[in-house]
Amino acid sequence: MLQSGGHTLAPPRAHSYALTTPRTPTRCKVTDMAGTGPRGRAERRSAGELESEVLAALWATDQALTPADIQAEIGGNLAYNTVHTILKRLYDKGLVLRDVDGRRGAYRPAKNAAELTAEAMHEALDRGPDPIAALQQFVTGLSPREEEALRDLLRGSGM
């Protein structure tokens, strides 16, 4: 501990480093998030995976959540600053809204899960050279239940 102006300061958080000594030159790898994998090594979740977890936590409730609320919901030794960074990225992408009228720093999803999934599907179809072929491939992978739901939707009978 360090002393500064009458305050005790904690040392910076230590990262765990795993040195690898394969047949290639020695490298140093930072492994500082999430849990451990099947071989006991620390695993790092991708930003996309973390964004999905944060969105899932927000979709699970009708209330705006603070970063601390989301941190508690997700668990996994995720740092508060990491949650806050993910929320900022989601906000910048237009995927979450910041609740300025209510609690300070509370967030809620801008779209529900179905809207976001449908948007991603439309974007994927728009990117490909042949959207009809992509739809044909997609439909062949549907479960019988999903296929029947799609038929009902196309007939206009809803679900």
Margin query: Of everything in the range 94-119, what is at pLDDT 95 or above, in a loop (DSSP other than H, G, I, E, B) and open to solvent by 70 Å² or more (accessible area, probe 1.4 Å)? Give them in sequence order.
Written below: N112
Checklist line | Looking only at the range 71-85, and only at residues there that are open to solvent by 80 Å² or more (accessible area, probe 1.4 Å) and touching a residue at least 12 places away in the same chain (Cβ under 8 Å), the one that is nearest to the chain's Cα centre (by Cα) | finding: E73
Notebook entry, point to check: Just a yes or no: is a residue in the range 136-144 surrounded by 12 or more Cβ atoms within 10 Å (Cβ to Cβ), outside any loop (DSSP other than H, G, I, E, B) and in contact with a strand residue (DSSP E or B) (Cβ under 8 Å, 6 or more places away or on another chain)?
Noted result: no
Check: Within the range 55-70, which residues are over 13 Å from A106 (Cβ atoms) and either among the charged types (D, E, K, R) or surrounded by 15 or more Cβ atoms within 10 Å (Cβ to Cβ) (or both)?
Finding: L55, W59
Next item on the list: Go through (1) assigned to a helix (DSSP H, G or I); (2) open to solvent by 60 Å² or more (accessible area, probe 1.4 Å); (3) over 25 Å from G48 (Cα atoms) one by one and return the number of the condition A133 breaks.
Entry: (2)
Check: Under the condition of being assigned to a loop (DSSP other than H, G, I, E, B) and among the β-branched types (V, I, T), which residue from the range 57-93 is farthest from R44 (Cα to Cα)?
Finding: T61
Margin query: Condition (residue is within 14 Å of the chain's Cα centre (by Cα), farther than 24 Å from E119 by Cα and at pLDDT below 95) applied to the range 13-28: is it met by at least one residue?
Written below: no
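The values are calculated or read from the model by the stated rules, or taken from the named source; none is laboratory data. Please read these numbers as outputs of a predicted model, since none were measured by experiment. Note that each Cβ is placed from the backbone with ideal geometry, even for glycine, and that neighbours are counted across all protein chains shown. These accessible areas exclude ligands, DNA and RNA; they are computed on the full protein's heavy atoms, side chains included. Shrake-Rupley method; radii C 1.70, N 1.55, O 1.52, S 1.80 Å.
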